[in-house]
Amino acid sequence: MKKSVITKAALFAAAALLGAMVLAGCKGKDKKDKNAQEEVEALFAVNTYKTKAGNLDEYLEFGGDVAAVSSVAALPDMAGKISRTLASVGQMVKKNQVIAYVDASRPGMDYSASPVKAPISGRVISFVPTIGTMVSQATVVAEIADTDELEIKVSVAERFISRISMGQTAIVTFDAYPGVEFKAKVFEVSPVLDKSSRTMSVKLRINPPDSRIKAGMYARVRLITDSVKDAIVVPASAIVKREGVPYLFVISSQKDGDTPAKVKLCPVEQGILVDNRIEITKGLIAGDEIVVKGQNLLNDGSNVNIIAVTE
């Protein structure tokens, strides 16, 4: 009886065949899995903003004091004691109206009381003396101002003076009236700078005048230095930079049934930046819908799910 003899060569051949079959099966499976992954594209959740044309104002902010345009001190003609007062703070007076009397009499010398007259017509904004107060010809008895005409004085630092000019408009606010904005215009620009502070004096006038504004109030001035009309303005945070070039992701197609919305990566040119809003001078038109949140993970042609739209 013969015994079957399996040679080493036969064993090696069988092992090689089995390995080839297993390897072929694995490669086929990997290829199928890869194809399946390619078919399922990523979907990114984003917020968008619909652009529109509007105005963008560039400005400088200053603090200033409200003062009367014309304010004059009333001085006595003689030194002596105040013997009588005829005015009070807040009172309206006319030019040459007597507001107080000064008695220059001394022991052994009697004089008639000397009147102190208002130098201009206006409102008494300060009245210092009381009866018996000693005054001299240099003592300010009262200060009278035309409170119908008020101005705001601001000091502009040297580095900003090239951006200041006559006739510029400003928005002014006061702590006394939260949320209320008043308009003003520059009517005087100093031709020189203060040597000690290196600042230039600028005066603005409230236009139109408003009785709510009082001399002595502190004003917050937003002076408009540049204004762009019909500009395309977007949130500055929407800008994405790739290799130093600014881009915006624009919605290129809206969701249609099961087909998701897509984005397009568009290069843009930037203008002025004001309060985290930036002007786009090239690359967008009014009505374009851009991605303002979730854009950092996107690429050109990415699928997106629009969660919210702002206008």
Scoring only Lys, Arg, Asp and Glu (+1, +1, -1, -1) among other residues with Cβ under 11 Å from the Cβ of residue 166 yields +1
Evaluate E = 1/(1 + (r/R0)^6) for residue 43 and residue 163, where r is the Cβ-Cβ distance and R0 equals 41 Å; express this FRET efficiency to the nearest 0.05. 0.30
In the stretch 29-163, what percent of the accessible surface is made up of carbon and sulfur (1.4 Å probe, ligands and nucleic acids excluded)? 49 percent
If you add up the charges near residue 220, with Lys and Arg at +1 and Asp and Glu at -1, over every other residue whose beta carbon is less than 14 angstrom from its beta carbon, what do you get? -1
Sum of side-chain charges, residue 52 neighbourhood, beta-carbon under 15 Å (Lys, Arg +1; Asp, Glu -1): -2
If packing is taken as the average number of other Cβ atoms within 10 Å across a peptide's residues, how do 265-276, 146-157 rank, most packed first? 146-157, 265-276
Consider a paramagnetic label point 7 Å from the Cα of residue 227 along Cα→Cβ; state which residues of the stretch 56-86 have an amide N under 15 Å from it. 56-60
Fully extended, how many nm does the chain gain between residue 241 and residue 79 (0.36 nm per residue separation, minus their Cα-Cα distance)? 50.8 nm
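Applying 1/(1 + (r/R0)^6) with R0 = 41 Å to the Cβ-Cβ distance of residue 136 and residue 57, what FRET efficiency is obtained, to the nearest 0.05?
Calculated value: 0.20.
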Mean accessible area per residue over the chain (1.4 angstrom probe, all protein chains present, square angstrom) is 63 Å²
Round to the nearest 10 and give me the degree value, 0 to 90, for the angle of helix 8-39's Cα axis relative to the longest principal axis of the chain. 30 degrees
Between residue 255 and residues 5 or more places away or on another chain, which pairs have amide H atoms under 5 Å apart, with H built 1.01 Å from N, and which residues are they? 261
Could you tell me the calculated FRET efficiency between residue 177 and residue 281, based on Cβ-Cβ distance and R0 = 30 angstrom, to the nearest 0.05? 0.25
Along the stretch 288-303, what does the Karplus equation 6.51 cos²θ - 1.76 cosθ + 1.60 (θ = phi - 60°) give for ³J(HN,Hα), rounded to whole Hz, x for Gly and Pro? 5, 9, 10, 8, 10, 8, x, 6, 5, 9, 8, 10, 4, x, 5, 7
With +1 on the Cβ of every Lys and Arg and -1 on the Cβ of every Asp and Glu, the dipole magnitude of the chain about its Cα centre, in debye rounded to the nearest 20, is 1260 debye
The chain, Gaussian network, Cα under 10 Å: of 207, 96, 47, the residue fluctuating most is 96
Pop a pseudo-label 7 angstrom from the Cα along the beta-carbon direction at both residue 220 and residue 307 and give the gap in nm to one decimal. 3.2 nm
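The values are calculated or read from the model by the stated rules, or taken from the named source; none is laboratory data. Not measured: the values here are computed from a predicted model. Ideal geometry is used to build each Cβ from the backbone, glycine not excepted, and the neighbour counts take in all protein chains shown. Only protein heavy atoms, including side chains, enter the accessible area calculation; ligands, DNA and RNA are left aside. Shrake-Rupley method; radii C 1.70, N 1.55, O 1.52, S 1.80 Å.
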